[in-house]
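Working notes, beginning with the structure itself.
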Amino acid sequence: MINNWVRFLLNKAIEIIASLAVLVALSFLLLKALPGGPFDNEAALHPTVRAALTEQWGLQDSTVAQVSKYFASLVRGDLGVSMAHPDLRISTMIANGFSNTLSLNLISLVLVIVGAFALALLSQRYSGGLFEKTVDQLMITFISLPSLFWGPLLIYLFGFYFNLLPTAFLTSPVHYILPVLTLSLRPMASLVRLLKTSLKENYRLDYVRTAKAKGVEEGDVLLHHVLRNSMIPFLSYLGPLLVGLLSGSFLVEMLFAIPGLGGQFIMALGDRDYTLIVGLTLFYGTLLIIVNSVIDILMRAVDPRIQEEM
């Protein structure tokens, strides 16, 4: 079994490195396909200066040459400097914006998981009643409408109409309420429906009837038996959930004027800041690939059936 785990972890490490290499190469290819370049909007630049900048950044080189140079700098642990802001290193810019993005996504993730488990368990506990029907209707509403709808609606209602909550920046705990709700409502609704389906399926199995026949209380059956066997679908959904939160935070950061990585990415696209775009893409890709790999490892550790396939 130990040898199987060592072989699996080594293969996973190789997959991560290969995926990141492909991600960087694709980023360069897509940037080359975009119209315009980093210095096209600088109308005041003399053609000689423009040519010198193009040569300085190696933009005249082939895509293969540019990718090779970038990989060489990555091996040295260097993400380069921003084309639009040559006095700033990419690593510094990412570090400056990551704190807001991280705090926003972590709080949203906690709200999604805690809220979804609470609503799903209570719905199962009071199955068929008014509570479950109300939760179902709310979750359908949340799923049907994207963050692009909830964000402006929450800003208008609580920021302007009732004047209860701030609508920009993250300077205090209260400032997190509206952006976290905007980012969390839809993924929480999807997770509630997934957990409810899994709980209902497990609740009908023989081991539940056996536990009830032995006199185990309803709440203990739900928490200690049914919930444990419903964790596999949750873990399988955790990867897409994190991807959805990270990608959704781009829009939320723009709506609430939050200085995070999402705003940097949009700014970099507008400036055709190739080094910042690739650096942010690599950073996000690394986060997502590592998270999905950790989830894959957890699923194999939790489910004996998957371990047998190793």
Give, as ranges by residue number, the residues of segment 269-295 whose backbone N falls under 19 Å from the point 7 Å along Cα→Cβ of residue 25. 278-279, 281-283, 285-286, 289
On the formula 1/(1 + (r/R0)^6), with r taken between the Cβ atoms of residue 16 and residue 148 and R0 of 25 Å, the FRET efficiency rounded to 0.05 is 0.15
If you put +1 on each Lys and Arg Cβ and -1 on each Asp and Glu Cβ, how big is the dipole of segment 129-208 around its Cα centre, in Debye rounded to 20? 60 debye
Order by neighbour count: 175, 224, fewest other Cβ atoms within 10 Å first, most last. 224, 175
Between segment 1-35 and segment 246-293, how many Å separate their Cα centres? 19 Å
Counting other C-beta atoms within 10 Å, which of 110, 252 has the fewest, and how do the rest follow? 110, 252
Sites residue 118 and residue 68, calculated FRET efficiency, Cβ-Cβ separation with R0 41 Å, nearest 0.05: 0.20
Calculate the dipole size of segment 90-307 relative to its Cα centre from +1 charges on Lys and Arg beta carbons and -1 charges on Asp and Glu beta carbons; express the result in debye to the nearest 20. 560 debye
Dipole of the chain, positive end: most advanced residue of 274, 167, 10 [Cβ charges, Cα centre]: 10
From DSSP H assignment alone, runs of 4+ in the chain each adding -39500 (n - 2.57), the sum over residues rounded to the nearest 500 puts [θ] at 222 nm at -24000 deg cm²/dmol
Report the full-extension gain for the segment residue 48 to residue 8: residue separation times 0.36 nm, less the Cα-Cα distance, to one decimal in nm. 9.0 nm
Please report 209, 89 as a ranked list, fewest other C-beta atoms within 10 angstrom at the top and most at the bottom. 209, 89
Dipole moment magnitude, nearest 20 debye, segment 46-198 about Cα centre, only Lys, Arg, Asp, Glu C-beta charged: 340 debye
Among the complete DSSP H segments of the chain, which ones combine at least 20 Å of alpha-carbon extent along their axis with a mean Kyte-Doolittle hydropathy of 1.6 or more? 231-255, 274-302
Across bins of 10 angstrom width beginning at 0, how are the C-alpha pair distances of the chain distributed, in whole percent? 5, 20, 25, 23, 16, 7, 3, 1, 0
Residue among 137, 157, 285 farthest towards the positive dipole end of segment 90-307, charges placed on Cβ: 137
Calculated FRET efficiency for the pair residue 217/residue 98, C-beta based, R₀ 51 Å, to 0.05: 0.65
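FYI, it's all coordinate maths here, none of it is from the lab. Just so you know, these numbers come straight off a predicted model, no measurement behind them. Positions of Cβ are generated from backbone atoms using ideal geometry, with glycine treated the same way; all protein chains shown enter the neighbour counts.
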